[in-house]
Amino acid sequence: MKRFQADHNTCIVTLFFLSTACVPELQPRTDADDQDTTPAAPNTPEAPRDPVDPDAPNSPPPPNEGDEIVGNNQVVIWKRYRAVEKDLSRALEIPTNQLCTELDSLNCINEVHLSNLGGHNPIMQGRLTSLAEPALTTPLSIDRVVLMACIQRVDQDSASPPTIFTQYPLGRDTNGSAQDITQLDAQNRTLYQRLLSRDPTDEELVELRELAVPGTSFRDVAIGSCYSIGTSVEFIFL
């Protein structure tokens, strides 16, 4: 019993010294320990910032599905059915339910061309979701809606005191005179302001003059000018 107790005490003393030898000696902390030893990143040039808005991010955000990329990495957004309806109604001063109809009863935007214009009707059309991007037939739908809206406005201005087409007589043919060109430019300037909220450039006015071939009725010129501006990329996209 005494031998066992002696051996037991010897083991305790031995373990104590072994555990003490394993404890590292603590060293005082120096300022060098606080220095960052992470290797520096390679010196890469910073991306140029927007000169107009220096606080703008260096790179444009990634486009969403359905957005369109145009020049200079500018992202434009497809204008869906409700925006097209409201913009045409405001610009041409036509109630939304009179902009365009098919078969004299079906609304072009809310029924016939709804899916192509980015909308959906799960009850009448069986579609549960809208298109994420324009379909192949979307341009045809936009052409149809804009053309019918322009015809509506021209016909109303022909039958009563004009509201928008006030610069030339819709019942007369063009003759290519300087007066016709002046009236045409004034009317197209009004259409640009209404549809695109800006003044046209001189080049844009010259292009629209090509519609006024001598002998063409001002009614057809008015419809063509309205349709050309209303189907431009600037009107279709935001």
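Figures for the structure shown
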read-out: Pairs where the first residue, in region 146-166, is within 9 Å of LEU92 (Cβ to Cβ) and the second is in a helix (DSSP H, G or I) and of a type in the set (Ser, Thr, Tyr), C-beta under 6 Å, 6+ apart; value: CYS150/TYR227
read-out: Boolean, LEU103 is of a type in the set (A, V, I, L, M, F, W, C), without any contact (Cβ under 8 Å) to a residue 60 or more places away in the chain and out of contact with any Gly (no Cβ under 6 Å at 6 or more places or on another chain); value: yes
read-out: Hits in region 94-151 (condition: surrounded by 17 or more Cβ atoms within 10 Å (Cβ to Cβ), in contact with an Asp or Glu (Cβ under 7 Å, 6 or more places away or on another chain) and either of a type in the set (Val, Ile, Thr) or over 30 Å from SER217 (Cα atoms) (or both)); value: ILE109, VAL112
read-out: ASP157 being buried (at least 16 other Cβ atoms within 10 Å of the Cβ), more than 26 Å from VAL233 (Cα to Cα) and out of contact with any strand residue (DSSP E or B) (no Cβ under 9 Å at 6 or more places or on another chain); value: yes
read-out: Region 194-218 residues that are surrounded by fewer than 17 Cβ atoms within 10 Å (Cβ to Cβ), paired with ones that are polar (S, T, N, Q) and in a helix (DSSP H, G or I) (beta carbon under 7 Å, 6 or more apart); value: ASP199/GLN193
read-out: Qualifying residue in region 219-235 (condition: crowded, with 18+ Cβ neighbours inside 10 Å, in contact with a Lys or Arg (Cβ under 8 Å, 6 or more places away or on another chain) and part of a loop (DSSP other than H, G, I, E, B)); value: no
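No lab work stands behind these numbers, since they all come straight from the coordinates. The shown structure was predicted, so the numbers you read here are calculated from the model rather than taken from an experiment. With ideal geometry, Cβ positions are generated from the backbone for all residues, glycine too; neighbour counts draw on all protein chains shown.
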